Amino acid sequence: MTSLLQDLRYALRQLRKSPGFTAVAVLTLALGIGGNTAVFSLVNGVLLLPLPYHQPEQLISVTGTYPKGAFAAMREQVHTMDVATYSEGHEFNLSGHGEPVRLTGTSVSAELLSILGTRPALGRTFYPGEDIAGRDNFVVLSHALWEQRFGSDASIVGRSVELEGESRQVLSVMPADFRFPSAKTQLWIPLDNDPRNSVSYWAGDFMPVIGRLRPGSTLQQARAEIRLFQSHVGTLFPWRMPASWNADLSVVKLQNGMVADVRTRLLMLLGAVALVLLIACANVANLTLSRVASREKEISIRSALGAVPRRIARQLLTESVLLASLGGMLGLAFAAAGLSLLKVALPADTPRPADVQIDWRVLVFTGGLAILTGFIFGIAPALQTSRAAVAESLNAAGRGATVSVSRHLRSSLAVAEVAFAVLLVTAAALLIRSFWALSHVNPGFRSEHIVTARITPNESFCSDSARCLSFYRNVVDQVQSAPGVSGAALVNTLPLGGRVSKRSLDIENFIVAPAETSPLFWLDVVTPQYFHVMDIPLLSGRWFTESDGSANPPVAVVTETTARRFWREQNPVGKHIRFVGEKEWRTIVGVVSDVRAYDLQRSEPDFMRGTLYVPHSPKGTLEDGRVPAEMTIAVRTTADESEAGTMLRRIVTGLNQEAPVSEIRTMRAVMSEAVSTPASTTSLFVTFAALALVLGMIGIYGVLAFLVSKRTREIGIRMALGAQRRDVLWLVMKEGGKFSLTGIALGLAAAFAVTRLLSSELYGVSPVDPFTYAAVTIVMAMVTLLASYIPTRRAMHVDPLIALRCE
């Protein structure tokens, strides 16, 4: 300990004697360590931190999805675990407590809250059987909803509230930190299991399943049992299920299942910021080597007085670790500020954002990272001093040998910096090209001057189809007559709006394969002006007309891809389709261009086979024969978003005071949200790549500046013997070009191997896109030339007389 304290005191004195070196080194390390700490905080909060439930290690997730009937069978037949299911994203109108408001809720099986093991803050959870039709008239409130809408009134438990025009008894209020399955959920209601309704029971929402392992059961046993259940559950359905349904079924830890979609993205960010830290380490190592070179006499004298190389190396490592510790402390301040920016930059669907914070795990990570960083950048100067002999260090020839060692180390570090920078810049360039391609995708409609809003009357209001249709018809008529409006139309699922409506279809003369079911289609219910308002091109046939609402037979419009898929070279106009379970055929009257409705990469999810448009009419389009209650209005207007929103609320409230108007936004904003995830990933990679590029430039400059300073006498002699400035230019630029080109080549090779991991994040560009690699090569070559310019210019202006006199 005495020796260690001596090393620390001496290291502090040395750092105080070189404030410029200390400031630059600490700041460089702080940037690298701070970035790693901020990103690790994300990884820790999202991927590593245990779920906030009772014994979270016993919670599991089934990777398949099941309807209510199949889940009911699973609940009876599976014995290694207690299972529960849920369906999120349901919406409810809350009325009777001030202005009607639209709430987001999750429908859950009665066991779910008990399986998670979270006790309510007030009241009780659902009892077994309270998800059966007729016994499910309950609701559980989130803590935030209880505070904001009910004023933290504890007496609300046991009372009734109006949801979608139905009275439900409030069972409980959950704790403030309970956010299952996501922070969007404001309330929980029972599933409403009704075996008598075969459509809802077997063909309704296919839901995820979670569970808790029973005592003595293992994950492997649960996995085997669920696969055995899957092998025969298809026989319980009223119809044949496709062989591909849940074909890759498995059981995983619940935490792994919840973060599966973001795990790769977060680990990529952590890898990128780790490369930035390595570049920072190489930079500080180069600075330290320069400083060690200036301390040759001091180190030689210490060696002559009896200090062994190991003792000197330990002293230098102590200085490095101390320097890294100072960088780590400053890095924590950078991380705290950077974490706030990261949270803003993260996509809205990132799970567990509230758990992302700097806790003791992050502090331990930062401390360990600082010590490791100190060893990484301190090992190079320590090795240099241990290899330089005492006798050789005390004469001119010895200094040349030491400089040679330092020169090779510095050149190797600079090559590594360039290689790492090339790798990061290549990844960022690929993401930029992907983002550019995605941002310039033709969505199939024009988004300019369109304002949208969701209108959500109660389901009970729309149980009377005539009343519902009359309400919406009046809304559209009044909106179209408003000043500045050139068109208005309704659709049940706005393109890129995040909602999906689906129906299975029978197609005339289309034979379903023996192991498959009728094709599933994306269903858009629209008013006649919808195609005009959205400016969706008509390819053949005609659009809907006002008379199509009562047409007999009913009509439909399909998209271009759907037409090619099912009718190939034929014209689908005049062909017939019908909803599964119905007898009446619909006549196809038109084909329109594809619309990117699901996301900017696809028109519909992979499990769907096409897109169908039908008129908003009395002929029910939902599975139970009703018209959809929730519709989105699209208004082409010259008014801004706030004016249009005020106008829409006034009109809708005048027609139905219990119909909330929400999600008022422009189609431009909708499209921006559609690219928010790739935009956030790209922006973070670009930030890290830019930082790596700057640090790489500094590293190249440092190596060449050190080279010029050590070869000043040589350059002076060359110029005294007649060398021209262009000869000196070639001398220095050749040195810079040598390790720059080596670094670029190594970086491109690494990028060729590593960027394949980015495939899932790329659109419209290959991970080995030759144009991107060529552009990165040119940019990096220009950057390295720029970094070499200042030391080269200084070398070209060396005065031979001054250089020789100084020597």
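What are the lysines whose alpha-carbon lies under 20 Å from the alpha-carbon of residue 734, with same-chain residues fewer than 8 places away excluded?
710
Within segment 214-254, which chymotrypsin sites (Phe, Trp or Tyr not before Pro) sit in a loop by DSSP and count at most 14 neighbouring Cβ atoms inside 10 Å?
On the way: sites: 229, 239, 245; in loops: 239, 245.
Sites meeting the loop and neighbour criteria: 239.
What helices in the chain pass both tests, a Cα length along the helix axis of 27 Å or more and a mean Kyte hydropathy of 0.5 or higher, using whole DSSP H runs? Can you show the working numbers first?
Working: long enough: 19-43 (35 Å, 1.59); 260-294 (52 Å, 1.41); 309-345 (50 Å, 1.01); 360-387 (40 Å, 1.12); 396-439 (62 Å, 1.12); 676-710 (51 Å, 1.54); 725-754 (42 Å, 0.83); 770-796 (37 Å, 1.05).
Both cut-offs are met by 19-43, 260-294, 309-345, 360-387, 396-439, 676-710, 725-754, 770-796.
For the pair residue 626/residue 359, report the inter-label distance in nm, with labels modelled 7 Å from Cα in the Cβ direction.
Result for the modelled spin labels: 4.2 nm.
What percentages make up the Cα-Cα pair-distance distribution of segment 444-533 when the bins are 10 Å wide from 0?
12, 36, 30, 16, 5, 0
Could you tell me which of 27, 226, 133 has its Cα farthest along the dipole of the chain towards the positive end, charges placed at Cβ (Lys, Arg +1; Asp, Glu -1), taken about the Cα centre?
Of the listed residues, the answer is 27.
Would you mind telling me the share, in percent, of accessible area of the chain contributed by carbon and sulfur at probe 1.4 angstrom?
Working: 20980 of 35980 Å².
With neighbouring chains kept in place, the figure for the chain is 58 percent.
Once the Cβ-Cβ distance between residue 54 and residue 176 is put in as r, and R0 is 22 Å, what FRET efficiency do you end up with, to the nearest 0.05? Intermediate values should be presented prior to the final figure.
On the way: r = 17 Å, r/R0 = 0.77.
For R0 = 22 Å, the calculated efficiency reads 0.85.
Among 767, 304, 264, whose Cα lies farthest out toward the positive end of the dipole of the chain, if unit charges sit on the beta carbon of Lys, Arg (+1) and Asp, Glu (-1)?
304
Per residue and in Å³, how big is the convex hull formed by the alpha-carbon atoms of segment 134-240?
Numbers: hull volume 17.5 nm³, N = 107.
Looking at segment 134-240, the number lands at 164 Å³ per residue.
What does the highest-first list of 200-213, 9-22, 45-58 look like by mean Cβ count within 10 Å? Working shown, then result.
Working: 200-213: 20.3, 9-22: 13.5, 45-58: 16.2.
Order by mean packing, descending: 200-213, 45-58, 9-22.
What is the spin-label model distance, in nm, from residue 408 to residue 569 if the labels are put 7 Å beyond Cα along the C-beta direction?
So the two model labels end up 7.2 nm from each other.
At 1.4 Å probe radius, can you tell me the per residue accessible area of the chain in Å²?
On a per-residue basis, 45 Å².
Quote the FRET efficiency, to the nearest 0.05, computed for residue 760 versus residue 2 with a Förster distance R0 of 51 Å and r equal to the Cβ-Cβ distance.
Calculated transfer efficiency: 0.40.
Which entries in 68/575; 184/583; 184/343; 502/583 show an alpha-carbon gap greater than 28 Å?
Details: 68/575 35 Å; 184/583 40 Å; 184/343 16 Å; 502/583 18 Å.
Result: 68/575; 184/583 exceed 28 Å.
Scan around residue 204 for amide H atoms under 5 Å from its own, H built in the peptide plane at 1.01 Å from N, and keep only partners 5 or more places away or cross-chain.
68
Among the aspartates and glutamates, which fall within straight-line cross-link reach of residue 17, defined as a Cα-Cα distance under 18 Å, with same-chain neighbours fewer than 8 residues apart omitted?
Counting by Cα, and skipping residues close in sequence, residue 17 has these aspartates and glutamates nearby: 7, 296, 298, 319.
Can you give the translational diffusion coefficient of segment 8-54 in µm²/s, computed by Stokes-Einstein from the Kirkwood radius over Cα pairs at 25 °C and 0.890 mPa s? Please report the intermediate quantities before stating the final value.
Details: Rh = 13.4 Å.
Taking Rh from Cα pairs, D becomes 184 µm²/s.
Please give every one of the aspartates and glutamates within straight-line cross-link reach of residue 619, meaning a C-alpha to C-alpha distance under 18 Å, and leave out same-chain neighbours fewer than 8 residues apart.
459, 464, 506, 524, 546, 548, 582, 584, 630
Rounded to two decimals, what is Rg over Rh for the chain when you use alpha-carbon atoms and the Kirkwood radius? Walk me through the numbers on the way to the answer.
Details: Rg = 34.0 Å, Rh = 31.4 Å.
Rounded to two decimals, Rg/Rh equals 1.08.
Taking Cα centroids, how far is segment 126-151 from segment 666-694 in Å?
One Cα centre to the other: 39 Å.
At most 15 other Cβ atoms within 10 Å and a DSSP loop assignment: could you name the GluC sites (Glu not before Pro) in segment 547-590 that fit? Could the numbers behind the result be given before it?
Details: sites: 560, 569, 582, 584; in loops: 569, 582, 584.
Listed in order of number, the matching sites are 569, 582, 584.
Quick check on the chain: of the DSSP beta bridges with both residues there, what percent are antiparallel, nearest 5%?
Details: 62 of 82 bridges.
Around 75 percent antiparallel, to the nearest 5.
Of all DSSP beta bridges located in segment 129-175, what percent are antiparallel, nearest 5?
Values: 4 of 8 bridges.
Counting DSSP beta bridges with both partners in segment 129-175, the antiparallel share is about 50 percent.
Report the trypsin sites (Lys or Arg not before Pro) located in segment 83-187 that are in a DSSP loop and have at most 16 other Cβ atoms inside 10 Å of their Cβ, or state none.
Details: sites: 102, 124, 135, 149, 159, 168, 179, 184; in loops: 124, 135, 159, 179, 184.
Filter output for segment 83-187: 124, 135, 159, 184.
The values are calculated or read from the model by the stated rules, or taken from the named source; none is laboratory data. Predicted model, so just to flag it, every value in this text is computed and none were measured. Note that we place each Cβ from the backbone using ideal geometry, even for glycine, and neighbour counts take in every protein chain shown. Protein only, heavy atoms only, side chains kept; ligands, DNA and RNA dropped before computing areas. Shrake-Rupley method; radii C 1.70, N 1.55, O 1.52, S 1.80 Å.
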